[in-house]
């Protein structure tokens, strides 16, 4: 077991529940947020526990990239996996000051999630 905490940010309740189950099966403790603004609040309260952030890209209030910018103001270098149903090329297009450690194409399965986490935390 990893005994590490992941902040999962997802506005789709079904995807949130499934991803939470997958992360738990991989041995992680999971904190959840349904949008970027809630994620910032949760992150501020648990910044010393959170080892990794897994975030959806398209969300209300703050998208995944803007959420990443804000989280890294709190803890520079916090590893993030950005997940999206849109292509990596479309999501990563543009000049962003901060970039996620890994992109995860939705829908993803347990093995794809494990591989993304292993790549991000190595």
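Within region 89-104, work out how many residues are in contact with a strand residue (DSSP E or B) (Cβ under 8 Å, 6 or more places away or on another chain), touching a residue at least 12 places away in the same chain (Cβ under 8 Å) and either in a loop (DSSP other than H, G, I, E, B) or more than 26 Å from residue 75 (Cβ to Cβ) (or both).
2
Out of 24, 32, which single residue is loosely packed, with under 14 Cβ neighbours inside 10 Å and not in a loop (DSSP other than H, G, I, E, B)?
24
Here's the yes/no breakdown for (1) in contact (Cβ under 8 Å) with a residue 40 or more places away in the chain; (2) closer than 25 Å to residue 118 by Cβ:
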| position | (1), (2) |
| --- | --- |
| 12 | yes, yes |
| 18 | no, yes |
| 27 | no, yes |
| 32 | no, yes |
| 41 | no, no |
| 51 | yes, yes |
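Check off (1) modelled with pLDDT under 95; (2) more than 15 Å from residue 100 (Cβ to Cβ); (3) crowded, with 17+ Cβ neighbours inside 10 Å for residue 61 and give me the number that stays unchecked.
Failed condition: (3).
Here's the yes/no breakdown for (1) surrounded by fewer than 17 Cβ atoms within 10 Å (Cβ to Cβ); (2) modelled with pLDDT of 95 or more; (3) more than 11 Å from the chain's Cα centre (by Cα):
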site	(1), (2), (3)
10	no, yes, no
13	yes, yes, yes
40	no, yes, yes
53	no, yes, no
66	yes, no, yes
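Inside region 71-88, can you point out the residues that are under 21 Å from residue 19 (Cβ atoms) and either at pLDDT 95 or above or not in a helix (DSSP H, G or I) (or both)?
71, 78, 79, 80, 81, 82, 83, 84, 85, 86, 87
The values are calculated or read from the model by the stated rules, or taken from the named source; none is laboratory data. Predicted, not measured: the structure shown is a model, and the values here were computed from it. So basically every Cβ, Gly included, is an ideal-geometry build from the backbone, and we count neighbours across all protein chains shown.
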